[in-house]
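One structure is given below, encoded as structure tokens.
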Amino acid sequence: MVTEQQVRDSLDMVLVPGVKRSITGLNLLREVIVSDQKVKVIVASAALSGENQNWIKTKAEETLKELPEINDVEIEFAEAKPLELNKIGNVIAVMSGKGGVGKSLVASLTAMTLRRQGYEVGILDADITGSSIPKMFGITSRPGGSESGILPVLSKSGIVVMSINLLLPNEDDAVIWRGPLIGKVITQFWEEVLWGKLDYLIVDLPPGTADAPLTVMQTFPISGVIIVYTPQDLVDMIVRKAVNMAQKMDKPVLGVVENMSYLYVPEIDKKIELFGKSRGDEMAKAANAPLLGKFPIDPELAKLCDAGDIERYSSEIVDSLGKSLLQAISAKTS
């Protein structure tokens, strides 16, 4: 007799059109009932259009009828909200005390290194007025969904992405909104997007400590915060502001990342500190958290970002970031 687990394993091959994630990966599979030679499956309809529901029903029936001793298959859809279905292990916010330090870049590289280690990863682009995540990943397709929810877009390497830029008529359209409306959209990205099952959701925060970051800190179950900075004279005060905000919101700081730390010139085998001497140890001490990495100014990385191919970037520094981050998370949760 076919077991419930066999049914679930088979349904893991049924992908949702446009998202290329399975109904189990999106946590849409609600119930499986196996009785004699009959299988009844209940699937949540959250974010699924009528067309998608029909496709899933047909594909699921075909898949399950291939199992031995199964003669009758019934697929039923049940209403549910994305927030009820989302199952996210860790929500990590990437923040900075000021703009222009490469926060979105670090958020993207963090998601990439975790994905390369086999984790299911998503990026929520909460930088509503300065969105750059889709551009770096070369994502131009629009999110799908229905009145009951939004289906995010999948990157080339399988990272789930949601950004306001994916909803605009043109990616260079300005988002001229006041704080309350920005906060509402960020909340919608958390509550109305069907993220499904994820090990890590990376949240790219807007710079500073005002309305939008506050909305994320208050609304999302943040597991920890990564603070990004560059080695300039004012950095100490800026990092401390970000640290103070995280502490006041009772969110642990997982570590700090120094971006634009140096420029490596291979012809002379020398690192040039364009923005001053590295302050990694000093900032780690100020944050009472580890230094997760020091990222150089890399023309190759900039080129890949401009071309929408950031996922092709590879370096030991990125690999090290992932390992250091996992150690920091383990230390905070142990």
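Nothing in this text is a laboratory measurement; each read-out follows from the coordinates by a stated rule. Quick caveat, the model's predicted, so the values are computed rather than measured. Ideal geometry is used to build each Cβ from the backbone, glycine not excepted, and the neighbour counts take in all protein chains shown.
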Notebook entry, point to check: Using alpha carbon centroids, what distance separates segment 195-251 and segment 315-334, in Å?
Noted result: 17
Check: For segment 18-153, with only Lys/Arg (+1) and Asp/Glu (-1) charged at the beta-carbon, what is the dipole magnitude about the Cα centre, in debye rounded to 20?
Finding: 880
Notebook entry, point to check: Which of the aspartates and glutamates could be linked to K248 by a straight reach, that is with a Cα gap under 16 Å, when you skip same-chain ones fewer than 8 residues away?
Noted result: D211
Check: Any idea which of Q53, L26, T63 is furthest toward the positive side of the dipole for segment 4-80, if Lys and Arg beta-carbons carry +1 and Asp and Glu beta-carbons -1?
Finding: L26
Notebook entry, point to check: Dipole size in debye (nearest 20) for segment 1-97 around its Cα centre, Lys and Arg Cβ +1, Asp and Glu Cβ -1?
Noted result: 460
Notebook entry, point to check: Over the chain, what is the percentage of antiparallel beta bridges among all DSSP beta bridges, to the nearest 5?
Noted result: 30
Note to self: Can you pull out the GluC sites (Glu not before Pro) in segment 1-80 whose DSSP state is coil and whose Cβ has at most 15 other Cβ atoms within 10 Å?
What the structure shows: E66, E69, E79
Next item on the list: Please state the charge dipole magnitude for the chain, taken about the Cα centre, from unit charges on C-beta atoms (+1 on K and R, -1 on D and E), reported in debye and rounded to the nearest 20.
Entry: 920
Check: Rounded, prolate or oblate: which fits segment 4-80 when a ≥ b ≥ c are the square roots of the eigenvalues of the alpha-carbon gyration tensor, with rounded for a/c under 1.5 and prolate only if a/b beats b/c?
Finding: prolate
Next item on the list: Holding the Cα-Cα limit at 25 Å, pick out from K87/K251; K156/K323; K135/K277; K241/K277; K197/K294 the pairs that are longer than that.
Entry: K135/K277; K197/K294
Margin query: Looking at the chain, identify the longest residue range that excludes and avoids all trypsin sites (Lys or Arg not before Pro) in DSSP loops having at most 14 other Cβ atoms within 10 Å.
Written below: 179-276
Check: Toward the positive end of the charge dipole of the chain, about the Cα centre and with charges on Cβ (Lys, Arg +1; Asp, Glu -1), which of I92, P252, L325 goes farthest?
Finding: P252
Next item on the list: Return the whole-Å distance between the Cα centroid of segment 1-32 and the Cα centroid of segment 62-82.
Entry: 9
Notebook entry, point to check: What's the angle, to the nearest 10 degrees (0 to 90), between helix 316-333's Cα axis and the longest principal axis of the chain?
Noted result: 70
Next item on the list: Provide E300, E120 in ascending order of the number of other Cβ atoms located within 10 Å of each residue's Cβ, fewest first.
Entry: E300, E120
Item checked: Convex hull volume per residue for segment 180-334, taking Cα atoms only, in Å³ -> 145
Next item on the list: Report, for segment 1-61, the % of DSSP beta bridges that are antiparallel, rounded to 5.
Entry: 100
Note to self: Tell me which of I202, P266, S148 sits at the most positive position along the dipole axis of the chain, charges placed on C-beta atoms (Lys, Arg +1; Asp, Glu -1).
What the structure shows: P266
Item checked: Principal axis box of the chain, alpha-carbon based, largest edge first, Å -> 71, 44, 41
Notebook entry, point to check: Quick one: helix 179-191 against the long Cα principal axis of the chain, what's the angle to the nearest 10°, folded into 0 to 90?
Noted result: 50
Item checked: On Cα atoms only, tilt of 103-116 relative to the major axis of the chain in degrees -> 50
